[in-house]
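Asks: Structure below; questions to follow.
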């Protein structure tokens, strides 16, 4: 089994594998190209965004600068707006539904490192879990979405929140860790 297959199955994988490094470098080049592109040239930006992600719907706007780890593990629905300085570390699959707004400086992280210092080997072995963001979700700026989290349809993540656990549909959460503040009807 290749390291790419291990990564995508949620098994420990080695990110320094040559195939993974090649995919990572290609994604970083596309991110760099996105940043260098004139935002008024929507057709050129659209080509870069299409190449960067596994799939994407209609009317997707990704404002530069944007960083992702591989891109091949990110699926975007229709009408998605990703504000500047968003980082998606997509060692596992990241699904973003339709009608989603992701605020600036938001981080979506799928990988987890070993917790004990003696087990950390400078990124030699990671485990990743998918992140699922439902449709009609708003994620406020400077938020962090952690590995393995699902955010339900219609949820609102208030700015600066750290989401460690699943968020129910139509819940408004905030804080560190994010907790439910109220529910939308």
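Asks: For region 14-35, which residues satisfy the criterion of being in contact (Cβ under 8 Å) with a residue 24 or more places away in the chain and either more than 19 Å from the chain's Cα centre (by Cα) or at positive phi (or both)?
Replies: Correct list: 14, 16.
Asks: Further question: Considering each residue of region 97-139, count those that are closer than 15 Å to residue 70 by Cβ, in a strand (DSSP E or B) and modelled with pLDDT of 95 or more, and give that number.
Replies: Residues meeting the conditions: 3.
Asks: Being in a loop (DSSP other than H, G, I, E, B) and in contact with a helix residue (DSSP H, G or I) (Cβ under 9 Å, 6 or more places away or on another chain) is the filter; apply it to region 1-35 and report the residue that is surrounded by the most Cβ atoms within 10 Å (Cβ to Cβ).
Replies: Looking at residues that are in a loop (DSSP other than H, G, I, E, B) and in contact with a helix residue (DSSP H, G or I) (Cβ under 9 Å, 6 or more places away or on another chain), I get 15.
Asks: Looking at 48, 61, which one is in contact with a strand residue (DSSP E or B) (Cβ under 8 Å, 6 or more places away or on another chain) and without any contact (Cβ under 8 Å) to a residue 40 or more places away in the chain?
Replies: Every option except 61 fails the conditions.
Asks: If a residue must be in a loop (DSSP other than H, G, I, E, B) and at negative phi, how many such residues does region 140-157 contain?
Replies: Of the residues in that region, 9 qualify.
Asks: Which of (1) crowded, with 19+ Cβ neighbours inside 10 Å; (2) over 21 Å from residue 154 (Cα atoms); (3) under 12 Å from the mean Cα position of the chain (by Cα) does residue 102 not meet, given it meets every other one?
Replies: Going through the list (1) crowded, with 19+ Cβ neighbours inside 10 Å; (2) over 21 Å from residue 154 (Cα atoms); (3) under 12 Å from the mean Cα position of the chain (by Cα), residue 102 breaks only (2).
Asks: Of the numbered conditions (1) under 24 Å from residue 142 (Cα atoms); (2) modelled with pLDDT of 95 or more; (3) in contact with a helix residue (DSSP H, G or I) (Cβ under 6 Å, 6 or more places away or on another chain), residue 91 satisfies every one except a single condition; which is it?
Replies: It fails just one condition, (2).
Asks: Next question, about the same structure. Take the conditions closer than 21 Å to residue 109 by Cα and surrounded by fewer than 19 Cβ atoms within 10 Å (Cβ to Cβ) and apply them to residue 38. Does it pass?
Replies: So residue 38 fails the test.
Asks: Of the residues that sit in region 64-78 and are out of contact with any helix residue (DSSP H, G or I) (no Cβ under 7 Å at 6 or more places or on another chain) and free of Cβ contacts under 8 Å to residues at least 40 places away in the same chain, which one is nearest to residue 90 (Cα to Cα)?
Replies: Out of the qualifying residues, it is 74.
Asks: Please verify whether residue 160 is assigned to a loop (DSSP other than H, G, I, E, B), modelled with pLDDT of 95 or more and in contact with a strand residue (DSSP E or B) (Cβ under 8 Å, 6 or more places away or on another chain), treating the condition exactly as stated.
Replies: For residue 160, the condition - assigned to a loop (DSSP other than H, G, I, E, B), modelled with pLDDT of 95 or more and in contact with a strand residue (DSSP E or B) (Cβ under 8 Å, 6 or more places away or on another chain) - is met.
Asks: Can you find, within region 81-95, the residue that is farthest from residue 66 (Cα to Cα) among those that are without any contact (Cβ under 8 Å) to a residue 40 or more places away in the chain and surrounded by 22 or more Cβ atoms within 10 Å (Cβ to Cβ)?
Replies: It comes out as 94.
The values are calculated or read from the model by the stated rules, or taken from the named source; none is laboratory data. Here the structure is a predicted model, which means the values were calculated and not measured. Quick reminder, even Gly has a Cβ in these numbers, built from the backbone with ideal geometry, and neighbours come from all protein chains shown.
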